[in-house]
Amino acid sequence: MLTSLSELPRRKASGPKLAVLTAYDYPTARMLDDAGVDLILVGDSLGMVVLGLPDTTGVTMDMMLHHTAAVCRGVKRAPVIADLPFASYRTPAEAVLNSKRLMDCGASAVKLEGGVSMIPQIRAIIAAGIPFVGHIGMLPQSVKEEGGYKKKGKTGEQIERLIADARALDEAGAVAMVLESIVPEVAMQITTLVKASTIGIGAGSGTDGQVLVTPDLLGSFPWFRPPFAKPRADVARETLRAVREYIAEVSV
Ligand code: KIV
């Protein structure tokens, strides 16, 4: 069970693999921490699975600050990573300013989407003393430019770009990087190439850890579930049952 980001290199070298989940509120964060999850991510998936937005591009800094603070109030042990949302890191100065605001809420590290093209922002964040987690592969904040959510690493050109992105993040000093929706063999290759811990989602089992959007694990967002997510509870069904039972009891 991780207590500090400084333990990441040892975990990469000797295991066990990292179990990472998202949280957006105090009770969930507190339960994940108590259950022993290694890292807690306040992801901008917040926009879709909590706030009902169509994608993550509508998530603002104010939303991220509000939810990061709530999560951090619930966590005693696990390092908390907070996402920089869409358009909050357009310049290195903006990236540093907004990263500091998330750290002031109690986060242990910040994450943003992108590789080589984001290196000036990432270097500025790390130079400001803020631990940084990368995110490459399928980038949800780019869904509009990309015209959908597309798996990465299927062509030689994509593989070269992913490896260049991973190397750039590693050289800049990222402590970890999320590999999202990447062909498993490519995710495994990146994992062996970089010093940083790789945390996969929809990228096979060859990474240093796995992350899931917690409502996908708990079955509490039944309207969409990615194919790789294995639900281990049916919170939506149990909620409907309890609410219908209450209605039947009260409405006599
Ligand atoms: O926003 C999020 O929840 C994420 C995970 C999918 C890695 O970035």
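You will find that of 77, 73, 123, the residue that is more than 16 Å from the ligand (Cβ to nearest atom), in contact (Cβ under 8 Å) with a residue 60 or more places away in the chain and at negative phi is 77 and no other. Set side by side, the residues 100, 152 differ, and just one is among the charged types (D, E, K, R) and open to solvent by less than 40 Å² (accessible area, probe 1.4 Å), which is 152. Does any residue of the range 9-22 turn out to be at positive phi, out of contact with any strand residue (DSSP E or B) (no Cβ under 9 Å at 6 or more places or on another chain) and either surrounded by fewer than 12 Cβ atoms within 10 Å (Cβ to Cβ) or hydroxyl-bearing (Ser, Thr, Tyr) (or both)? Checking the range 9-22: at least one residue is at positive phi, out of contact with any strand residue (DSSP E or B) (no Cβ under 9 Å at 6 or more places or on another chain) and either surrounded by fewer than 12 Cβ atoms within 10 Å (Cβ to Cβ) or hydroxyl-bearing (Ser, Thr, Tyr) (or both). Remark: residue 85 matches the filter, which requires a residue to be touching a residue at least 12 places away in the same chain (Cβ under 8 Å) and under 21 Å from residue 24 (Cα atoms). Within the range 1-49, being free of Cβ contacts under 8 Å to residues at least 60 places away in the same chain, assigned to a loop (DSSP other than H, G, I, E, B) and away from the ligand (no atom under 16 Å from the Cβ) holds for 15, 16, 36.
Determine whether residue 168 is of a type in the set (A, V, I, L, M, F, W, C), open to solvent by less than 40 Å² (accessible area, probe 1.4 Å) and over 19 Å from residue 153 (Cα atoms). Judged against the criteria, residue 168 is not a match. Looking across the range 80-115 at every residue that is assigned to a helix (DSSP H, G or I) and of a type in the set (Lys, Arg), the one that is nearest to the ligand (Cβ to nearest atom) is identified as 101.
Pairs are defined by a Cβ separation below 6 Å, a sequence spacing of at least 6 or placement on different chains, a first member in the range 137-148 that is assigned to a helix (DSSP H, G or I) and among the β-branched types (Val, Ile, Thr), and a second member that is open to solvent by 20 Å² or more (accessible area, probe 1.4 Å) and within 9 Å of the ligand (Cβ to nearest atom); no pair meets this definition. All of 187, 236, 248, 196 fail the test of being out of contact with any Lys or Arg (no Cβ under 9 Å at 6 or more places or on another chain), away from the ligand (no atom under 11 Å from the Cβ) and open to solvent by less than 10 Å² (accessible area, probe 1.4 Å), apart from 187. Please work out which one of (1) out of contact with any His (no Cβ under 8 Å at 6 or more places or on another chain); (2) of a type in the set (D, E, K, R); (3) surrounded by fewer than 23 Cβ atoms within 10 Å (Cβ to Cβ) is the condition residue 180 fails and give its number. For residue 180, the failing item is (1).
The values are calculated or read from the model by the stated rules, or taken from the named source; none is laboratory data. All figures in this text were calculated on a predicted structure; none of them were measured in a lab. Positions of Cβ are generated from backbone atoms using ideal geometry, with glycine treated the same way; all protein chains shown enter the neighbour counts. We work out accessible area using only protein heavy atoms, side chains counted, and drop any ligands, DNA or RNA first. Shrake-Rupley method; radii C 1.70, N 1.55, O 1.52, S 1.80 Å.
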